[in-house]
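This report refers to the structure that appears directly beneath it.
Just so you know, all these numbers are worked out from the coordinates, no wet-lab data involved. Keep in mind the model is a prediction, meaning the values are calculated, not measured. All Cβ positions, even for glycine, are placed from backbone atoms using ideal geometry, and neighbour counts span all protein chains on display.
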Amino acid sequence: MQATINRWARRTNALMLCALAGSLALWLVQSPAQAQTVYRVVDESGRVTYTDNPDSGGEAVTLAPLPSVQAAPPPTAPRSQARPGQPFMPYDRFAIESPAPGTRLDDTMTPVDVRVQPPLREDHQIRLLVNGEISQSALHSDAFWLTGLTQGSHRLEAELLDSQGRVQHRTEAVSILVAPR
């Protein structure tokens with residue numbers, strides 16, 4: 001019985017504190033915007049003073065509310081280039097599946113498959129980079145074709161872009177070699 005009373009008392013105290021905090025917050029938000037009444041008092045020497053005490057015998061003066069200005073949100077720091085590592089949520093996996101690292105290609109037309117788990121969201125896109133440069137613009141696709149690669153070693157990466165076009169993640173680099181024909 002005592003435990004039930006203690007629980008009830010704690011809940012009641014918590015509710016009272018929440019109500020008090022809410023009232024205080026509402027008062028703080030409203031009070032600067034409301035007009036204030038002060039009293040203008042002139043003494044025998046002609047000095048003027050202002051008070052909020054109505055018993056001072058002064059003349060009531062209503063002050064207009066002070067203008068308020070919304071604070072600007074803090075500037076966001078420019079996002080550094082995404083690095084390989086854990087994919088950002090909501091994805092568990094984001095990696096180039098094909099071609100495999102170290103693949104030797106005889107043809108310059110090569111399919112590139114990116115593994116995205118779970119499937120790519122409708123508002124997200126992937127773009128392909130070759131040697132750090134954008135090779136194909138962002139698409140809502142996990143399959144790309146590389147064409148026109150010159151002979152030699154190349155580094156492939158894929159970037160995951162969010163709905164605002166910001167890079168959220170980059171795959172590990174996959175090195176391939178285009179052999180002479």
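Annotations for the structure displayed:
- Spin-label model, Asn131 to Ser153: label points 7 Å out along the Cα-to-beta-carbon direction sit 1.3 nm apart.
- Neighbours of Gly57, meaning other residues whose beta-carbon lies under 13 angstrom from its beta-carbon, give a summed charge of -3 when Lys and Arg score +1 and Asp and Glu score -1.
- Mean Cβ count within 10 Å, highest first, over the residues of peptides 116-122, 46-52: 116-122, 46-52
- For the peptides 137-146, 168-177, residues were scored by their other Cβ atoms within 10 Å and the scores averaged per peptide; the highest-first order is 168-177, 137-146.
- Region 90-133: relative contact order in percent, alpha carbon pairs under 8 Å with at least 6 residues between: 45 percent
- Cα shape, region 86-176, gyration tensor, a/c 1.5 rule: prolate
- Cα-projected label distance for Asp113 with Glu97, points at 7 Å along beta-carbon direction, nm: 0.5 nm
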